[in-house]
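Undergrad: Here it is, the structure in full.
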Amino acid sequence: MGADEDTAVGAALAEMDDAISHAMEEEKELPVTVALMMRPLVGPELVDGCQACVFPSATEPSVTLVSDHKFTYDHVYHPGTECDGPTEKRLFEQCVEPLVNGLL
């Protein structure tokens, strides 16, 4: 490569580096919230003798599988917590409604 070609390549690389830096500065942090909504066993499952295999924690937003694997989420909604209202309503109020309001 000649000196002119080296200069052109260097300028192109510098321009690309500036464009990438500018794009990264403009990028906003978008947090992700993960919610899990558990469902109770339904009639046919109960008739077939199925048993629950996912167990919610009473103290934190996590669940444990029968295999002793534990998974933690931002929110866990399960049928045993109906005292605060229906699970679907609470999930909407706590997870979905803030997102919708943020768009309006």
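Undergrad: In what order, largest first, do Ser67, Ser62 sit by accessible area if the probe radius is 1.4 Å?
TA: Ser67, Ser62
Undergrad: Which cross-chain or sequence-distant (5 or more) residues have an amide H under 5 Å from the amide H of Leu36, H modelled 1.01 Å from N in plane?
TA: His75, Val76, Tyr77
Undergrad: Hey, another quick one. For segment 35-103, report the accessible area per residue in Å² (1.4 Å probe, heavy atoms, rounded to an integer).
TA: Accessible area per residue, segment 35-103: 72 Å².
Undergrad: Would you kindly work out the equivalent ellipsoid of segment 35-103 from its C-alpha gyration tensor and give its semi-axes, the square roots of five times the eigenvalues, largest first in whole Å?
TA: Three semi-axes, in Å: 25, 16, 10.
Undergrad: Counting DSSP beta bridges in segment 35-103, what percent are antiparallel, to the nearest 5?
TA: 65 percent
The values are calculated or read from the model by the stated rules, or taken from the named source; none is laboratory data. In this text, all values refer to a predicted model and were calculated from it rather than measured experimentally. Just the protein is used for accessible areas: all its heavy atoms, side chains included, with ligands, DNA and RNA removed. Shrake-Rupley method; radii C 1.70, N 1.55, O 1.52, S 1.80 Å.
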